[in-house]
Each structure stands twice: as C-alpha cells, then as structure tokens.
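**Q** Dropping a structure here in structure tokens format, bear with me for questions.
The values are calculated or read from the model by the stated rules, or taken from the named source; none is laboratory data. Predicted, not measured: the structure shown is a model, and the values here were computed from it. Positions of Cβ are backbone-derived with ideal geometry, glycine not excepted, and every protein chain shown enters the neighbour counts. SASA here: full protein model, heavy atoms, side chains in, ligands and nucleic acids out. Shrake-Rupley method; radii C 1.70, N 1.55, O 1.52, S 1.80 Å.
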Amino acid sequence: MQIFSFFDAGLCGATPPLPDFPDLSVGLQLCVIPATAGLGHACHHVFLRAGDMQSGIVSAPAEWWACLRGGLRVLSAGQELAALAGGDVFTPQSGQPVMLQAVLDSVLVRTVPQAGSRPGTPSFVVIEPGEPDWAQRLHAHDTIWATCYRGTLCLQWRATRGTAGVRTVYLQPGMAFAPERYDDYCIDAMVPGAGLLCCARSPVGEAEPALVLPRAA
C-alpha cells in the first residue's frame, strides 16, 4: 500500500517543480501522486482563485481533469468545450490548445499517464458509514489509486508480503492511496458522504450505476 498527500508537497509556501506539466502555470499546484510512484500516472491538485485564467494549455494523450469543487470553463478558439462543477470530469483532446478559466474558487485534479502505461478511468464515488465491501468493489475494478476529496475515511490494510500486522491511516481531502496487488485492505467512511475520486482500469460502479456520483456537491 502506498499513501500520498499534497501536504507532503510543501504547503508551507514551497511549490514543487512540475516537469510533467510545463504548459500549466495558473494556480497553486501541489503534487499528490508523483511520476516516481511507479503507478503509471502523475496526479496534481491545482488550486485556482475565481478569475484565474490561462490559455495555450496543450494536454498529453489520455489526460483527464476532474473538478473537485468550484466552477471552471474550458474553451478553445473562443468556443466553450466544457463547464465543470464539483464532480465533473473532462478529457481534453490531445494536442488541442485550450483556455482554462476559474469562475469560482476551485480545485482541479490533473492526471497524466506516463509513456507506455494504460490510461485509467476516473469515477467519483460516495461511501456512507457502515457500507460493507467497498475495498472489494475497488479491487474488482482494478483500482490504481484513489484520492479523498470530501470527508474522512479509515483505511486499514495488512500486506500479505512484508511487514506483519494491521496498519491504519485516516484519509482526508488531499490524501490518496494506491493498493498493492497483494494487499488485504478495507475502507470505511467516518462521516456521511465521504468521497473518493478513483482512477481504475474500469469505471467503479459500472455495473452498479447508483454507486457513481456524476456530480458531487
């Protein structure tokens, strides 16, 4: 199990270098999942103030953007391609220059697959206290990583290889986890409406549409 947090990126004023996103200079960007994690994806949270705007953004192949909260407009050649609110995902066309405009104070997750990796599929899910078997559902959809965007979740795991014993981490917004293939884990919501943004091989909840939140308030 790998645990990540944008708090590790230096919220005390230090913005990490972003070699993966040389074209995006708007907002405060903090690394959640670095390319060095070996997951095939880099993931950054971008904090935008209302009115922040940048043009000339060119996305990498199979990149996707997820709006955690706020409101964003994506435009190209003067036309609006998408209006994103909390819980919306946008997949920009590779090589197409776009403009990003924050209508409200917003948080954007930008994730880019590394060369040679399989792109992940984003899904927003909400977990309620006492709901069973969420770890099994995430595992069934081959979850690569998941980041908490709302509430608090308790993650417990026992690695089947390596250190013995059960480990516990409380996930809060800005924290993510990536299960290893052999991890035995469970995840429980500590408050109603705790939310995860999942990057998986297949959409989480695809066979159970009610589990997927298309828009998160």
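**Q** Using protein chains only and a probe of 1.4 angstrom, how many square angstrom of residue 41 are accessible, to the nearest 10?
**A** Here the residue's solvent-accessible area equals roughly 0 Å².
**Q** Could you compute how much accessible surface residue 105 exposes when probed at 1.4 Å, giving the result in Å² to the nearest 10?
**A** Approximately 100 Å² of residue 105 is accessible to the 1.4 Å probe.
**Q** Shifting gears a bit: Modelled label-to-label distance, residue 118 and residue 142, 7 Å Cα→beta-carbon offset: nm?
**A** Label at residue 118, label at residue 142, 0.2 nm between them.
**Q** Something else about it: What distance in nm separates the two pseudo spin-label positions at residue 54 and residue 131, each 7 Å out from Cα along the beta-carbon direction?
**A** Result for the modelled spin labels: 3.3 nm.
**Q** By the gyration tensor of its Cα atoms, with a ≥ b ≥ c the square roots of the eigenvalues, what is the shape of the range 75-202: rounded for a/c under 1.5, prolate for a/b over b/c, or oblate? Each step should come with its number before you reach the end.
**A** Values: a/c = 2.76, a/b = 1.72, b/c = 1.61.
The shape class here is prolate.
**Q** In what order, largest first, do 181, 110, 137 sit by accessible area if the probe radius is 1.4 Å?
**A** Values: 181 190, 110 5, 137 55 Å².
Ranking 181, 110, 137 by accessible area, largest first, yields 181, 137, 110.
**Q** I've got another one for you. Given points 7 Å out from each Cα along the Cα-Cβ axis, report the residue 201 to residue 80 separation in nanometres with one decimal.
**A** My value for the distance between the label points is 3.9 nm.
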